[in-house]
Structures are given as structure tokens and as C-alpha cells.
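Written out below as C-alpha cells is the structure these notes cover.
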Amino acid sequence: MPVIDKNISLLPFNTFHFDCLAGHFTIIQTEEDIHQIIQQGLLKDKQAIIVGGGSNILLTKDLPLHLIIKNEIKGIQVLQETPDDVLVEVGAGENWHEFVMHCIQYDWGGLENLSLIPGTVGAAPMQNIGAYGVEIKDCLAYVKAIDKESTEEKIFSKEQCNFGYRESIFKKEAKDQYIITRVGFRLSKTNHVFHVGYGAIQQVLSEMKINNLTLRAVSDAVISIRKSKLPDPAVLGNAGSFFKNPEISIEQYNQLQILFPNIPSFPINEYKIKVPAAWLIEQCGWKGKKVGNVGVHAHQALVLIHYGNGKGEDVLMLAKQIQQSVIDTFNITLQMEVNVI
Ligand code: EPU
């Protein structure tokens with residue numbers, strides 16, 4: 001039976017570095033650990049929160065009645081291999097970036113654009129992590145999870161995961177119902193498909209004088225771009241993009257373009273357009289702004305920062321002010337990407 005610790009500081013377990021207290025805390029390393037916790041009735045008595053890398057949560061209060069479960073299920077296992085591709089199953093508690101580096105080392109293609117994203121493998125499908133033109137759904141094969149009520153294992157095919165932009169069944173219909181244990185990926189071994197069309201990737205590759213594309217070169221380019229724009233959570237508390245990029249109707253976009261001719265856009269379909277939240281926030285004057293111990297990152301307006309000695313509530317208050325000014329200026333409601341607890 002996993003040890004249940006009492007009154008533990010969650011400071012090391014959230015990348016915003018907020019010092020909130022968990023009434024109960026435990027680490028799971030195997031599926032058996034999960035079964036035991038469920039059989040002891042612990043998930044029924046207490047509100048349970050599963051954390052991976054803690055890189056997508058904003059803690060705003062102490063949680064005396066909660067059980068925080070840190071998922072540390074490990075393992076990277078090749079299940080099938082052909083000359084062309086590989087099916088690999090990865091424990092939910094593996095560090096995401098370390099797994100991507102493992103893929104680069106073995107020359108398995110598909111996840112290189114997702115280098116340096118903080119967090120764990122198990123948290124990645126929750127919000128269908130994405131960057132530089134690639135989303136995890138592009139090479140995810142399945143998600144294994146344990147039902148918190150029945151303790152049964154369920155395998156979700158990619159289709160059953162209902163992936164959308166930063167969305168999945170685990171954030172919607174099946175919210176709080178499952179503990180993700182392992183994730184399967186199908187990755188290329190030959191004929192890798194490189195995605196270098198997004199933003200500055202091509203430019204960085206040229207600066208790196210790369211003529212022959214390799215997985216490592218793409219990964220290095222992504223790492224270099226991320227390091228130049230996004231703060232390292234180990235140094236500066238943050239949870240990556242705080243808001244989602246909003247989708248608006250073509251009509252609204254056309255109207256906004258009259259007032260703001262430079263408004264950037266990414267087409268989605270014939271009815272909708274995505275606009276970068278970072279641009280909206282920057283236009284409202286928030287970029288680089290500091291409010292007490294929190295603020296908006298100077299190099300990427302979508303990232304909110306905790307400079308230390310602040311509270312999660314301060315970030316939430318800042319986020320609400322930003323939301324309001326974006327509504328006032330553009331009539332667009334920004335949705336939070338980060339999970340507020
Ligand atoms: N922009 C600004 N001001 C800024 C930053 C960006 O105006 O301060 C505008 C520019 O027009 C730029 C556009 O926003 O061309 C897009 O910026 P960027 O490429 O940096 O991407 P993003 O849309 O702001 C998304 C993801 C990031 C991911 C990048 C790269 C979301 C919510 N965020 O950000 O994901 O790394 O694309 O693919 O979709 C995360 O989820 O934590 C995250 C960092």
C-alpha cells in the first residue's frame with residue numbers, strides 16, 4: 001500500500017511554485033498502487049487530484065481535505081517493431097522531454113517538435129499538448145487508464161480520446177473519472193515527416209546551417225526557440241501558455257480587421273479563425289507588466305509569471321484583469337488553459 005503523507009507542501013509539485021498545503025499526499029508507481037488506493041476507499045472519502053509534472057495547474061488555496069496523487073508510473077517499452085515504425089508504450093509518470101529525447105536518440109520520429117514541453121507523459125494527452133505545428137494526437141496510438149470507481153482498466157483508442165485543440169475526453173466527458181497509467185505512441189523509423197513550416201523553425205535551422213534535416217536538428221531548433229521565448233519553470237514560476245488561443249467567427253474577424261489591420265490569424269475552417277491570445281494581450285498593454293509578485297512574461301505575453309513570495313490568487317486576479325481588458329478591447333473572451341485549483 002502506498003504511504004499516505006499528511007500536510008505536505010505542494011511547492012515542489014507545481015511549476016508556478018506556490019506553497020499550498022495538501023492534507024494528504026501519496027506517490028503511485030504501479031497500477032497495483034492505484035488498485036490499493038481505490039480498494040481502501042481513499043478516492044471516495046477525499047477529493048483526489050492527480051498531478052504529473054504540475055506544469056499546468058494554478059494552486060490558489062490550501063487543500064486540507066484533498067488527496068494529491070503524484071503519478072510516477074515509469075517505463076518505456078517497445079511493443080511492436082517493423083522496418084518502418086515502432087509502437088512504444090510509456091509510463092504516465094515519465095518526464096515528457098526525457099521521453100522525447102529518448103525518441104531522438106533511437107531516431108523515432110513524430111514528437112521532435114514537442115521537445116522541451118514541461119510535464120509528464122500521462123498529462124500530455126489530457127490537453128493534447130501541441131507546439132510548432134504538431135499535436136500529441138498526431139502519433140498517439142492509445143491511452144491506458146484505470147477507472148477510479150470500478151478499478152477496471154480501459155484502453156482508449158486515439159478516436160475515443162476525442163482530441164481537439166488543447167482538449168480531450170479526459171477534460172470533458174470523462175473528467176476526473178480515470179487515472180491515466182500508460183500511453184502508446186506509433187513513431188516512424190524511416191521516411192520521417194518533418195514539420196518545419198511553423199514560425200521561426202526554418203529560420204533557426206538555416207542559422208544552424210542545417211542542410212540535411214534530422215530529428216535531432218528539428219528538436220534542437222525547437223529547443224532553441226522555446227528557450228528564447230519561454231521562461232524555464234525551474235528558474236521563474238510559470239505554467240506555459242496561461243490562456244488558449246481563441247477561435248472567433250470570420251464575421252467578427254473581418255470587423256476587428258477594420259479597427260486593427262495588423263491582427264494576426266490562423267484559419268481553422270470556412271467559419272472560424274484562430275487569433276493569437278498573446279497578440280491580444282500585448283495590444284492591451286500587458287506584455288512585460290509586473291503586478292506585485294506576479295506578471296506577464298516580457299518575451300511571450302501568453303505566459304504569466306510568479307516571481308516568488310506571491311499567491312496563486314494573485315495570478316488568478318491578474319488573469320481576470322487580462323480577460324476583462326481583452327473583452328473590453330476586442331469583445332473576445334479568453335479561456336484559461338491552465339487548470340485552476
Ligand atoms: N504574439 C504576440 N505577442 C507575443 C507572442 C506572440 O503578438 O508576446 C503573436 C505573434 O503574432 C505570433 C503569434 O502570436 O506570431 C503566435 O505566437 P507563438 O508562435 O509564440 O505561439 P502561441 O500561439 O502564443 C502556442 C501554444 C504554445 C506553443 C506555441 C508554439 C497555445 C495556447 N499555446 O502559443 O504552447 O509553444 O504555440 O507552437 O496554443 C503551452 O501550451 O504551454 C505552450 C507554450
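Within the listed set ASP314, ASP107, ASP84, the residue fluctuating most in the Gaussian network model of the chain (springs between alpha-carbon atoms under 10 angstrom) is ASP84. Counting only Cα atoms, the size of segment 57-199 along its three principal axes is 51, 35, 25 Å, in decreasing order. For segment 1-138, a simple Cβ point-charge model (Lys and Arg +1, Asp and Glu -1, everything else neutral) yields a dipole of about 780 debye relative to the Cα centre. What longest region of the chain stays clear of trypsin sites (Lys or Arg not before Pro) that DSSP places outside H, G, I, E and B and that have at most 11 other Cβ atoms within 10 Å? The longest uninterrupted stretch comes out as 1-171. Select from GLN77, GLY110, LEU304 the residue farthest towards the positive end of the dipole of the chain; place +1 on Cβ of Lys and Arg, -1 on Cβ of Asp and Glu, and compute about the Cα centre. Checked the options; the winner is LEU304.
When the convex hull of its Cα atoms is viewed from all sides, segment 1-81 shows a mean projected area of 6.3 nm².
If you take the charge dipole of the chain about its Cα centre, with +1 on Lys and Arg Cβ and -1 on Asp and Glu Cβ, which of MET336, GLY197, VAL294 is farthest toward its positive end? So the residue furthest toward the plus end is VAL294. Near the amide H of ASP85, within less than 5 Å, lie the amide hydrogens of LYS189, all on another chain or at least 5 residues away, with H placed in the peptide plane. Residues whose amide H comes within less than 5 Å of that of ILE129, counting only those at least five positions distant or on another chain, are ILE136 (H built at 1.01 Å from N in the peptide plane). Over the chain, DSSP H runs of length four or greater, each weighted -39,500 (n - 2.57), average out per residue to a 222 nm ellipticity of -7000 deg cm²/dmol.
Solvent-accessible area per residue in the chain equals 48 Å², computed with a 1.4 angstrom probe and all protein chains kept.
Dipole magnitude for segment 127-200: computed about the Cα centre from +1 point charges on Lys and Arg Cβ and -1 point charges on Asp and Glu Cβ, it is near 220 debye.
When the C-alpha to C-alpha distance is required to be over 29 Å, the pairs from LYS175/LYS287; LYS148/LYS272; LYS70/LYS290; LYS274/LYS320 that qualify are LYS175/LYS287; LYS148/LYS272; LYS70/LYS290. Along the chain, the longest continuous region that contains none of the GluC sites (Glu not before Pro) in a DSSP loop with at most 14 other C-beta atoms within 10 Å is 1-148.
With only Cα atoms counted, segment 77-145 has Rg and Dmax values of 11.3, 31 Å.
Long hydrophobic helices in the chain, taken as whole DSSP H segments with a C-alpha length of 18 Å or more on their own axis and mean Kyte-Doolittle hydropathy at least -1.0: 215-229, 312-330.
Here the chain has 49 percent of its accessible surface on carbon and sulfur atoms, given a 1.4 Å probe and all protein chains in place.
Using Cα springs under 10 Å in a Gaussian network model of the chain, which residue among GLY197, GLY93, GLY130 shows the largest mean-square fluctuation? Judging by the Gaussian network model, the answer is GLY197. Its alpha carbons give segment 247-340 an Rg and a Dmax of 14.2, 47 Å. GNM remark for the chain: springs join alpha carbons under 10 Å apart, and the peak mean-square fluctuation among LEU140, LEU67, LEU259 falls on LEU259.
Would you work out the Kirkwood radius for the chain? I mean one over the mean of 1/r across all pairs of different Cα atoms, in Å. Radius from the Kirkwood sum: 21.2 Å. A dipole drawn for segment 141-190 from +1 and -1 charges on Cβ atoms has a positive end, and of THR181, TYR165, SER150 the residue lying farthest that way is TYR165. Across the chain, Cα pairs under 8 Å and at least six residues apart give a relative contact order of 16 percent. Here is the list for segment 264-331: chymotrypsin sites (Phe, Trp or Tyr not before Pro) lying in DSSP coil, each with at most 16 other C-beta atoms within 10 angstrom of its C-beta, are TYR271, TYR307. Here segment 247-340 is assigned +1 on the Cβ of each Lys and Arg and -1 on the Cβ of each Asp and Glu. Its dipole about the Cα centre then comes out at about 280 debye. For segment 1-139, the calculated P(r) over all alpha carbon pairs, in 10 Å bins from 0 to the bin holding the longest distance, is 11, 37, 31, 17, 4, 0 percent.
The values are calculated or read from the model by the stated rules, or taken from the named source; none is laboratory data. Note that this is a predicted model, so its numbers are computed, not measured. Positions of Cβ are backbone-derived with ideal geometry, glycine not excepted, and every protein chain shown enters the neighbour counts. Heavy atoms of the whole protein, side chains included, go into the accessibility calculation; ligands, DNA and RNA do not. Shrake-Rupley method; radii C 1.70, N 1.55, O 1.52, S 1.80 Å.
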